[in-house]
Amino acid sequence: MGLFTLVMSVYGLAVIFACSGVNLASVRLSSEKAAILERNALNKREYVKCSSSVIRSCLGYSLIFSLTASAVLFSFSTLIGEKLLGDPRCVTSLKIVSVSLPAISATSALSGYFTGIRKAYKNALTVVIEQFLKISVTSLALSITVPSFSDPVEYACIAVVGGSAVAEAFSLIVGSILYFTDSKVPAGVTPGDGDNTECVSIRADLKETASISLPTAVGSYARSGLVTAEHLLIPGGLRKHGLNASSALASYGIMQGMVFPLILFPSALPASFSSLLIPEIAGLSATGDRKKIERAANKALSVSLMFSVGVSAVFLNFARDFGMTLYDQPDAVTGIMIMAPLVPVMYLDSTVDALLKGLGAQLDSMKINIADAAASLLLVFVLVPLLGIYGYMITVYFCEILNLILSFTRLVHVAGFKPSVVAPLVKSLLSAAFTSALYIFLETFSFASSISSPLWIVSFSLFYIIIAFFFPLGNHFRLRIDVFRGRISFS
């Protein structure tokens, strides 16, 4: 687990450079150009021309950066593995990662296009196929014994990375098929019959793509570099605290490979919600309708809070079930219990970031994230040698809370109003407390031992949802997420 985590720390930085903000450019260009076409009632032929120019410019941009990243990582994989990571077993895995970068970047561009034209279901289909193939190929590779690999850990890491590379290449093929068979017309839009006789600007070019992507990309480089440096410092800091090399890597692996993937797994839902939120807020911002922006922001933050507090309550009450059932690791149980209260902060921050990007303040979000990463690097350098893995946990808490405070403050300034989060926060906390108290009470009965952990978790979650979302506390609203049209609305 520790070896794979080291490889993934470099992988994350390489993917950031390979993509270089192309997804955001693809989302904005496709949605903005489509809005112009719709407003001018242009015909379907113009939609096809527009989408082709957007995809050409975004794919051209992505290839420039992804091929460069691929060549650099492949050429320096030995140096990175042996000198920087301090483990020669990483070299082969890093070379495999380098080959997959162009496919990852191109898929990101296609994904942004589908989000921009409100066809996010195509992204979902691509992801499902990719994950299925990744699991299948990785499982098959792990079941095969290769005599040339004397170290089973090295081979296991290669199998996982290789499975991911195969799945990512296939994901690009699926995305390309979906694009070429697409109507090129946004969901819910009926093309007009007009021609572009007034020469309305609907074409995208590489310069326009770069103007959107590069500012965000530069910030991402800096932040990712700081995060990668932080991850590389942690094992060394743990060794300075008194752990041997093996124990240090194991402790690091438990947090990065067990605890954080688990508590962040439910964030897939708010992350998808946030990706749909960006074009909707951008559209409202373009029309200058501040009242609708305020209403949409308040509802989005309310939903994010109620969902994240519920997830946090589940992890707090069932930490032992998750840690021992999934990992059979007491240390993982401790890590889950300690990090669970931070879940609302993490999830809410992603929603605030989406609102900032929708309002055109992605540079502000980038600066805040860089400051967060720099503070995290400094605290890891100071606290981990002194306090061990708990020093890392303190660092995560401090930086996540700092990031949310700075982001929320900036949102208030950019949006021109103060979002209402107190009422939904209180409602969520009361709902979580009531559900937790009921669960603890029911556990005292003899029949409780006959109920399986998954059933308890599902029952707990459903009861919380009923209390938090449907019980008459606070303001009522309806959130509508149209999966097939890839858009959200509030009422």
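Out of segment 438-483, which residues are within 30 Å of Phe114 (Cβ to Cβ), at pLDDT below 80 and either outside the structural domain of Ser275 (by TED's automatic domain parsing) or not in a loop (DSSP other than H, G, I, E, B) (or both)? Residues satisfying the conditions are Phe469, Leu479, Arg480, Ile481, Asp482. Screening Met324 with (1) surrounded by fewer than 23 Cβ atoms within 10 Å (Cβ to Cβ); (2) touching a residue at least 24 places away in the same chain (Cβ under 8 Å) gives one miss only, at (2). Of the candidates Gly86, Gly60, the single residue that is assigned by TED's automatic domain parsing to the domain that holds Lys207 and at pLDDT below 90 is Gly86. Of the residues Ser31, Ser52, the single one that is among the small types (Gly, Ala, Ser) and in contact with a helix residue (DSSP H, G or I) (Cβ under 6 Å, 6 or more places away or on another chain) is Ser31.
Matching residues to (1) surrounded by fewer than 23 Cβ atoms within 10 Å (Cβ to Cβ); (2) within 30 Å of Ile254 (Cβ to Cβ); (3) in the same structural domain as Ala35 (by TED's automatic domain parsing):
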{"site": "Ala282", "(1), (2), (3)": "yes, no, no"}
{"site": "Lys292", "(1), (2), (3)": "yes, no, no"}
{"site": "Lys299", "(1), (2), (3)": "yes, no, no"}
{"site": "Ser304", "(1), (2), (3)": "no, yes, no"}
{"site": "Ser312", "(1), (2), (3)": "no, yes, no"}
{"site": "Asp328", "(1), (2), (3)": "yes, yes, no"}
{"site": "Leu342", "(1), (2), (3)": "yes, yes, no"}
{"site": "Met346", "(1), (2), (3)": "yes, yes, no"}
{"site": "Ala361", "(1), (2), (3)": "yes, no, no"}
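The single residue among Ala204, Ala159 that is under 23 Å from Ile104 (Cβ atoms), among the aliphatic types (A, V, I, L, M), assigned to a helix (DSSP H, G or I) and at pLDDT 75 or above turns out to be Ala159. Each residue in segment 7-25 was checked for being of a type in the set (Gly, Ala, Ser), assigned to a helix (DSSP H, G or I) and under 11 Å from Ala69 (Cβ atoms), and 2 of them qualify.
Summed over segment 247-264, residues that are at pLDDT 85 or above, out of contact with any Phe, Trp or Tyr (no Cβ under 7 Å at 6 or more places or on another chain) and surrounded by fewer than 21 Cβ atoms within 10 Å (Cβ to Cβ) total 3.
For Val22, state whether it is touching a Pro at 6+ places or on another chain (Cβ under 9 Å) and buried (at least 24 other Cβ atoms within 10 Å of the Cβ). So Val22 does not fit the description; no.
Residue count for segment 35-49, restricted to those that are surrounded by fewer than 24 Cβ atoms within 10 Å (Cβ to Cβ) and in a helix (DSSP H, G or I): 10.
Figure legend. Inter-residue proximity from segment 428-448: first residues over 10 Å from Ile467 (Cβ atoms), second residues among the aromatic types (Phe, Trp, Tyr) and surrounded by 10 or more Cβ atoms within 10 Å (Cβ to Cβ), beta-carbon distance below 6 Å, spacing 6+ or different chains. Indicated pairs: Tyr439/Phe460. Scanning segment 226-245 turns up no residue that is over 19 Å from Leu383 (Cα atoms), of a type outside the set (A, V, I, L, M), in contact with a Phe, Trp or Tyr (Cβ under 9 Å, 6 or more places away or on another chain) and in a helix (DSSP H, G or I). Here is a check on your reading of the model: is Ile177 modelled with pLDDT under 75 and assigned by TED's automatic domain parsing to the domain that holds Leu6? So Ile177 fails the test. Among the candidates Ala248, Ala296, Ala313, Ala282, the residue that is under 21 Å from the mean Cα position of the chain (by Cα) and among the aliphatic types (A, V, I, L, M) is uniquely Ala282.
Figure legend. Inter-residue proximity from segment 96-118: first residues not assigned by TED's automatic domain parsing to the domain that holds Glu38, second residues crowded, with 24+ Cβ neighbours inside 10 Å, beta-carbon distance below 7 Å, spacing 6+ or different chains. No pairs are indicated.
The values are calculated or read from the model by the stated rules, or taken from the named source; none is laboratory data. Predicted model, so just to flag it, every value in this text is computed and none were measured. All Cβ positions, even for glycine, are placed from backbone atoms using ideal geometry, and neighbour counts span all protein chains on display.
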